[in-house]
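**Student:** I'd like to ask you about the structure that follows.
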Amino acid sequence: MPLNWELLALLGNLLAFQVASATHSLATRQPSYTSARKIHTGRAVRAEHYSHSGRASERPGHATVYSTQGAQEGFIYVYDMPGEFTDDLTQLPVQWHPSQYDYDQVLHKHFLGSPARTGDPSQAQLFFIPVYLGRHFNWFWQQWSAPGNAWDVHEDCLPGHTPPECFWDKWDRAKEASSEVVRKAIAHVRDKHPYWARKDGADHFMVFSYDHGRCDMAPGLQYEEFGRMFAIQSYGDIMSTNDKAIAPLMQRWREDDYTWAGPKAWACFRPDADVLVPMFYSSAEEGIVSPFVGERNVTLLMRFGYQIGDGKNLVEHFGHRLRYEMLEHQKEKPLLGSEQGLRTPEETLADMARSVFCATPPGQTQDSIRVFRALIKGCIPVTFYRGNDRPFERHLHMPWDAFSVNLQPDDYRQMNRVLQSILEDTERLQGLQSALAAVQARFVWDAKAAGGVLASIERELSQRAAQLPALGYA
């Protein structure tokens, strides 16, 4: 029986309201969370539509149901860039997260073989500039790291600097070096091809795969250099932007202060233009675990650590501070049936597959790769976004509120009460799990996944191409 996605959207609205207003007290017993009614078994059923989630920050003018009809064909031209921007960079060695930031390579390979590609630039609507910035940035800052520990600085600290300053020195150097690579790549495209000048780069895009998107990988460029080029990235923070004259000075972001056609600021993330994607997690559809498969005997999984007071200038970092306070609070008042503590990545994935909820607090940014690992393993993510877009929600209307629970960071002490109220309400819990099962395949990066991340990216790119005439670019 096919799912009714308009009904699921309404269910998402109801669930979001109920989670926010939950007032149930903590129960003294632990109920069983093995579903008595297994709606899905094996691989998750694919959603036929994305539905708008009805979140508090709902934007006017968006349709409530978006068809998953495939992207158009032959509309993206892929520049043939010199090896210094692509293949040469793959030889750089990294020891920390060696593949997490390499989805620029994944997308390059995908577009080269995609029906969305055209070999005729005169027929293209969009132009992709492939540069393997993820590998370059990751390698560059790790040059000053101790062997076996990327976070320890062991050489070349600037004179007079303390250990915390040394830690950020290498990060700043990586930003400068990455900015220069982007600058050279844009210069190459401008010098060798006539297409950038036609729209000041508005129909061009690059991938900025590191934690803070373009604000990690191109903060040294002024707006006049960057033009109107948009990004594919995983950084969706809508709390701040960069001043175009004094990059990277952070400012408050306002809905009416930035448009794709006429920016007043050089933004880390442009919600109306950039394509926001899930953090890269190498997984295939075969790795999906339905929320209804097996016995989920862990109520809440908290598999994360923190870095506080370690001399790395992270004491005031909100993500790690929040992690520390959450774990300390759980020691005093744990949710019945919950588990916490660090494990190996393999053990953590196995634990996610037997957990009902997975806490996914922020790290370097508001987002965390744990969100997407939890989704794949059928564990309902508990997120702590203060002001952050979620992949495929704004433009494709992915119904995040129907399959996840979001709390404001300041409200982490209410987490147990909110989750317990859901655990005690079988209908609400199964509603979240059913919605999660329906979209799991949408978060798979595997090129063989017909309805996965790559397909959603192409659909969003189709939208950007269609928007260009409205911006004055015929």
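**Student:** Looking at region 108-130, which of the residues that are among the polar types (S, T, N, Q) and surrounded by 17 or more Cβ atoms within 10 Å (Cβ to Cβ) is nearest to residue 466 (Cα to Cα)?
**Tutor:** 125
**Student:** Right, next: Do you know which of the residues in region 260-269 that are at pLDDT below 85 and assigned to a loop (DSSP other than H, G, I, E, B) is farthest from residue 447 (Cα to Cα)? Working first, answer last.
**Tutor:** First, pick out the residues of region 260-269 that are at pLDDT below 85: 260-268.
From what's left, assigned to a loop (DSSP other than H, G, I, E, B): 260-265, 267-268.
Details: 260: 30, 261: 33, 262: 35, 263: 35, 264: 38, 265: 36, 267: 30, 268: 28 Å.
That would be 264.
**Student:** Just to verify a result, which residue in region 266-285, among those that are surrounded by fewer than 20 Cβ atoms within 10 Å (Cβ to Cβ) and in contact (Cβ under 8 Å) with a residue 24 or more places away in the chain, is farthest from residue 97 (Cα to Cα)? Spell out how you get there, then give the answer.
**Tutor:** If we filter region 266-285 for residues that are surrounded by fewer than 20 Cβ atoms within 10 Å (Cβ to Cβ), which is where we start, we get 271-272, 282, 284-285.
Filter again for in contact (Cβ under 8 Å) with a residue 24 or more places away in the chain, leaving 271, 282, 284-285.
Numbers: 271: 27, 282: 12, 284: 19, 285: 22 Å.
Filtering first and then ranking leaves 271.
**Student:** Answer yes if at least one residue in region 415-424 is at pLDDT 95 or above and basic (Lys, Arg), and no otherwise. Before the answer, list the steps.
**Tutor:** Narrowing region 415-424 to residues at pLDDT 95 or above: 415-424.
Filter again for basic (Lys, Arg), leaving 417.
Checked against the condition, which is being at pLDDT 95 or above and basic (Lys, Arg), region 415-424 yields at least one hit.
**Student:** Is it true that some residue in region 438-446 is in contact with a His (Cβ under 6 Å, 6 or more places away or on another chain) and either in a helix (DSSP H, G or I) or touching a residue at least 60 places away in the same chain (Cβ under 8 Å) (or both)?
**Tutor:** No; the residues of region 438-446 include none that is in contact with a His (Cβ under 6 Å, 6 or more places away or on another chain) and either in a helix (DSSP H, G or I) or touching a residue at least 60 places away in the same chain (Cβ under 8 Å) (or both).
**Student:** Okay, next question. State all residues of region 91-132 that are acidic (Asp, Glu) and out of contact with any helix residue (DSSP H, G or I) (no Cβ under 6 Å at 6 or more places or on another chain); if no residue qualifies, say none.
**Tutor:** Applying the first criterion (acidic (Asp, Glu)) to region 91-132 yields 102, 104, 120.
Within region 91-132, just 120 meets the criteria.
**Student:** When the residues of region 198-241 are filtered to those that are touching a Cys at 6+ places or on another chain (Cβ under 8 Å) and over 23 Å from residue 79 (Cα atoms), which remaining residue is surrounded by the most Cβ atoms within 10 Å (Cβ to Cβ)?
**Tutor:** Restricting to residues being touching a Cys at 6+ places or on another chain (Cβ under 8 Å) and over 23 Å from residue 79 (Cα atoms), the top hit is 235.
**Student:** Restricting attention to region 343-386, and to residues there that are charged (D, E, K, R) and crowded, with 21+ Cβ neighbours inside 10 Å, which single residue is farthest from residue 407 (Cα to Cα)?
**Tutor:** 377
**Student:** Quick check on my filter: what residues within region 131-141 are part of a helix (DSSP H, G or I) and buried (at least 22 other Cβ atoms within 10 Å of the Cβ)?
**Tutor:** Correct list: 133, 134, 135, 136, 137, 138, 141.
**Student:** If we keep just the residues of region 273-300 that are in a loop (DSSP other than H, G, I, E, B) and of a type in the set (Ser, Thr, Tyr), which is farthest from residue 432 (Cα to Cα)?
**Tutor:** The residue in question is 282.
The values are calculated or read from the model by the stated rules, or taken from the named source; none is laboratory data. Since we're looking at a predicted model, the values are computed, not measured. Cβ atoms come from the backbone with ideal geometry, glycine included; neighbour counts cover every protein chain shown.
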